[in-house]
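Asks: The structure that follows is given in the form of structure tokens.
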Amino acid sequence: MTRRTDIDVRPITEAELPDWNRALNTGFLQPPAVGAEQLEARRHQFVPGRLLGAFDGDRCVATFRSFDQEVTAVGGAVVPADAVSNVTVSPTHRRRGLLTRMMAQDLAAAKERGDVVATLIAAEYRIYGRYGFGPATTMTEWAVDVPRAGLDPCRTAPEDGGRIDLVDGEDVRKLGPELHERLRRAQPGAVSRAELWWLARTGAVRMDAGPWTEPFYAVYRSAGGEVEGMVSYRADDRWGDAKQPLNTATVDWLIGVTPAAERALWRYLCSIDWITTVRSGWRAPDDLLPHLLPDPRAARIVTQADWLWVRILDVVRALEARTYGAEGALVLDVVDRDGLTGGRWRLEATESGASCTPATGSADLVLDVGELAALWLGDESAVRLAALGRIGEERAGAARLADALLRTPRRPWCPDMF
């Protein structure tokens, strides 16, 4: 076994992309061979210094990639983020501290760049808490039993005078970015999308080794002609023994910037001939979908789990970037074992904004930086965390005040996997 100190952890060169991508595929249990088209697509993501690899001799045995991102805070302000992705360690080299070394390098560089937070989507729950990340949003997926939903099959057009049109990938690339920008500026927890996202989701760039199958795309336009919603979906081909259609429409993604757009798109999906089940894809846990149906019980939860994880890199900027639901002051003792942003801070929230300054007095709440991340977007409850023993309430009523300040009327949501 190669000693840990003999494994080199460093940024890769562009010439090392094939070996790095082979290690990436191996770690994700994908066919290791890297096709020319997949490799060319990966070159779109190459930024010097942002792709790390661990090398045992000449072979890459662990991978790590980060990229620039923006995250929407409560109130609509966006903060710069270090988005972490493509994290793997080959099965021959686990438990040697390779992820810890790569994460330490990346977070130190993100702190130096001035990123406010780091973000990731965790494949496994127990890995990232030890690096200061906390689960900040949740996602829910529903399966709608269309025949049970109670929708009138004779009334499929939008009820508000709008219309739905089928479009192609080129239309999506033209209309989608501006529509998504409207959504993410209003949705706490949403993240920015680079041009590559739209190219990959419409087949213009091939990120995966498998064959590309074009989905269906539909756009909702209001009565005034403005694009307010868009959906990408796929359908299978399944029939029962009595020639009964049992097809499922699976949503890749759905954007609705108004309730009318969401209502129209979900009802459109439920009205498609032969479709008996609609799978919603990753939605906010308080999504409108079930209650847009005459019978909400027709929407059954099939998946509910943590989604966007956040690591606070700058407590002051993170807390001052967001808005608050009440006026009040709290002294927070933030514990950061990695020394990136810990300390004692006084948060003062008012209707005109918030300030976060160093404090020397007694703390109201003592919490790990990961627990602060879980509270930052307004989804988690300080009262709940105190009951679980994950934060310390040093002053009676402080957790309840934290909930009054931090929690949001609608839950945060990140529509994206990255």
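Asks: Packing-wise, with mean Cβ within 10 Å as the measure, how do 307-314, 398-405 rank, highest first?
Replies: The peptides rank, most packed first, as 307-314, 398-405.
Asks: Which of these values of P(r) over Cα pairs in 20 Å bins from 0, in percent was calculated from the structure shown: [x] 24, 51, 24, 1; [y] 29, 59, 11, 0; [z] 25, 43, 25, 7, 0?
Replies: [x]
Asks: Hey, another quick one. Modelled label-to-label distance, Phe216 and Glu112, 7 Å Cα→beta-carbon offset: nm?
Replies: 5.1
Asks: Right, next: At a 10 angstrom cut-off on C-beta neighbours, averaged per residue, how do the peptides 191-197, 98-104, 114-120, 5-11 rank from highest to lowest? Write out the running numbers ahead of the final one.
Replies: Working: 191-197: 16.9, 98-104: 19.9, 114-120: 23.4, 5-11: 13.4.
The peptides rank, most packed first, as 114-120, 98-104, 191-197, 5-11.
Asks: Find the relative contact order for the chain and round it to a whole percent, using C-alpha pairs within less than 8 Å whose residues are 6+ positions apart. Each step should come with its number before you reach the end.
Replies: Working: 901 pairs, mean separation 77.9, N = 418.
It rounds to 19 percent for the chain.
Asks: Here's another thing I want to ask about it. Using amide H atoms built 1.01 Å from N in the peptide plane, name the residues 5+ places from Gly75, or on other chains, whose amide H lies under 5 Å from its own.
Replies: Thr323
Asks: Sticking with this one: Just to confirm, what accessible area per residue do you get for the chain at 1.4 Å probe, in whole Å²?
Replies: Numbers: 19600 Å² over 418 residues.
Ligands and nucleic acids excluded, the result is 47 Å² per residue.
Asks: Counting only helical runs of four or more DSSP H residues, what would the 222 nm mean residue ellipticity of the chain come to if each run contributes -39,500 (n - 2.57) and the total is spread over all its residues? Walk me through the intermediate numbers first.
Replies: On the way: 10 runs with 103 residues, N = 418.
Result for the chain, helices only: -7500 deg cm²/dmol.
Asks: Quantify, in whole percent, the carbon and sulfur part of the accessible surface of the chain (1.4 Å probe; protein heavy atoms only). Can you show the working numbers first?
Replies: Details: 9730 of 19600 Å².
Here it works out to 50 percent.
The values are calculated or read from the model by the stated rules, or taken from the named source; none is laboratory data. Bear in mind that the values here come from a model prediction, so they are computed numbers and not experimental data. Counting neighbours? That spans all protein chains shown, and the Cβs are built from the backbone with ideal geometry, glycine included. Surface areas here come from the heavy atoms of the whole protein model, side chains and all, with no ligands, DNA or RNA. Shrake-Rupley method; radii C 1.70, N 1.55, O 1.52, S 1.80 Å.
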